[in-house]
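Asker: First the structure, then my questions, so here it is.
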Ligand SMILES: [Ca+2]
Ligand SMILES: [Ca+2]
Ligand SMILES: [Ca+2]
Ligand SMILES: [Ca+2]
């Protein structure tokens, strides 16, 4: 293969000194390295090929750029010959490789402030071995080949951007105990983030996983922790747990994905808690293929269809997918607040933007914010029944304190539109006046969708007129 521009760094640097590099290179000695210039249109296989432990590579904000050749890698921490540890890459932009950054059989490493973009396959990959994913193979039939029992473990990917790669954004294969925090995984061609091949005990937190072509997060390995992420506008489901168990999926915002918000396909003992799941193209959550003994508690669902327990067909797959088994949908009544903002913990909130969701229409005679009747999802079975559905006003996506009175605006019917602008628990003309008076303040101006009472995608005085006329019972002039 081509080796244009390849330099080999062989001398050990003086302790504490940084070795300057200005081209693709192979690093074979521990030490600190700094890139001193942009490196563009390189045709080597592995541009910065790290073959030593205890290496710090500082990109100094520079670019490492290839020519979109499959099989090439921008930064390759390559432990295939002997496992590596403590390899850190920071402050670097990596574009136009087959894979952007690959850690293979590396432990206790870090990738920080790195942008991996526009690769032909995977933006950032952690694995034991090169995967055999092909962009033309349907994701459901993909396998990754593992040639070693040694995974990549104890690594962190922090504050980095994995964007516009043709294949997966972030791929984690046969790798354990890694952490992925505060990254942006956006606009990749296929799955945003994938955990596959016995990748366990990883943590994915505080990331934005948005506008990827396929599933936002594909969890095909058990015992991973996914919390506090924003998972939006992906081409498939937001998060898919596929034949895996003991997953914690908590405190995520899962919205506007083309598929389901959350799919649990087979597997058991996962905890789906404290998530906000809104505006997804298919069900908020689907339990399929015998998925059983999972707990789905204290989530807010606001989708046209919130819960899918059906058997159904999937194009190109098995003739039909059997429904899920028994699952838990509530805990006992406990002091809250709950995810919707109400006073007690129980089950989940089931809303629809047209106001017909179970939680929006149920009776709550004692006013404790829990429905007086269970939600059995229409299947007349206790196998999947929420015995304590949440109800009452919502504040989970509140635009904040509109009037400066210290109270956030509330959404009495939880349809996503905040009529109770001053948060006093009632909707009246004072709220209409408050929205108008504060229309240029950030709480209103930055959240026009929450006040779009006409639901036409615009916020203007007509919205306030509509709310006012609804309150007064007058018909519009
Ligand atoms: Ca009640
Ligand atoms: Ca409302
Ligand atoms: Ca009010
Ligand atoms: Ca409007």
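Asker: Where residues in the range 433-445 are within 16 Å of ligand 4 (Cβ to nearest atom) and more than 16 Å from residue 407 (Cα to Cα), which of them is surrounded by the most Cβ atoms within 10 Å (Cβ to Cβ)?
Answerer: 439
Asker: From the list 365, 437, exactly one residue is away from ligand 3 (no atom under 16 Å from the Cβ), more than 28 Å from residue 255 (Cα to Cα) and at pLDDT 95 or above. Which is it?
Answerer: 365
Asker: Within the range 343-357, can one find any residue that is touching a residue at least 60 places away in the same chain (Cβ under 8 Å), within 16 Å of ligand 3 (Cβ to nearest atom), surrounded by 14 or more Cβ atoms within 10 Å (Cβ to Cβ) and assigned by TED's automatic domain parsing to the domain that holds residue 307?
Answerer: Among the residues of the range 343-357, not one is touching a residue at least 60 places away in the same chain (Cβ under 8 Å), within 16 Å of ligand 3 (Cβ to nearest atom), surrounded by 14 or more Cβ atoms within 10 Å (Cβ to Cβ) and assigned by TED's automatic domain parsing to the domain that holds residue 307, which makes the answer no.
Asker: Checking the condition within 24 Å of the chain's Cα centre (by Cα), surrounded by 20 or more Cβ atoms within 10 Å (Cβ to Cβ) and more than 14 Å from residue 178 (Cα to Cα), which residue from 89, 124 passes?
Answerer: 89
Asker: Does the range 275-285 hold any residues that are touching a strand residue (DSSP E or B) at 6+ places or on another chain (Cβ under 9 Å) and either crowded, with 20+ Cβ neighbours inside 10 Å or under 22 Å from residue 321 (Cβ atoms) (or both), and which are they?
Answerer: 275, 276, 277, 278, 280, 282, 283, 284, 285 - these are the residues of the range 275-285 that are touching a strand residue (DSSP E or B) at 6+ places or on another chain (Cβ under 9 Å) and either crowded, with 20+ Cβ neighbours inside 10 Å or under 22 Å from residue 321 (Cβ atoms) (or both).
Asker: If the requirement is being in contact with a strand residue (DSSP E or B) (Cβ under 9 Å, 6 or more places away or on another chain), more than 16 Å from ligand 1 (Cβ to nearest atom), more than 27 Å from residue 274 (Cβ to Cβ) and not assigned by TED's automatic domain parsing to the domain that holds residue 362, which of these qualifies: 398, 426, 472?
Answerer: Answer to the check: 426.
Asker: Based on this model, can you work out whether residue 410 counts as in contact (Cβ under 8 Å) with a residue 12 or more places away in the chain, within 16 Å of ligand 3 (Cβ to nearest atom) and under 25 Å from residue 300 (Cβ atoms)?
Answerer: When the stated conditions are applied, residue 410 passes them.
Asker: Name, by its number, the condition in (1) assigned to a loop (DSSP other than H, G, I, E, B); (2) not assigned by TED's automatic domain parsing to the domain that holds residue 101 that does not hold for residue 240.
Answerer: If we test residue 240 against (1) assigned to a loop (DSSP other than H, G, I, E, B); (2) not assigned by TED's automatic domain parsing to the domain that holds residue 101, just (1) comes out false.
The values are calculated or read from the model by the stated rules, or taken from the named source; none is laboratory data. Remember, predicted model here, so these are calculated numbers, not experimental data. Backbone-built Cβ (ideal geometry, glycine too); neighbour counts: all protein chains shown.
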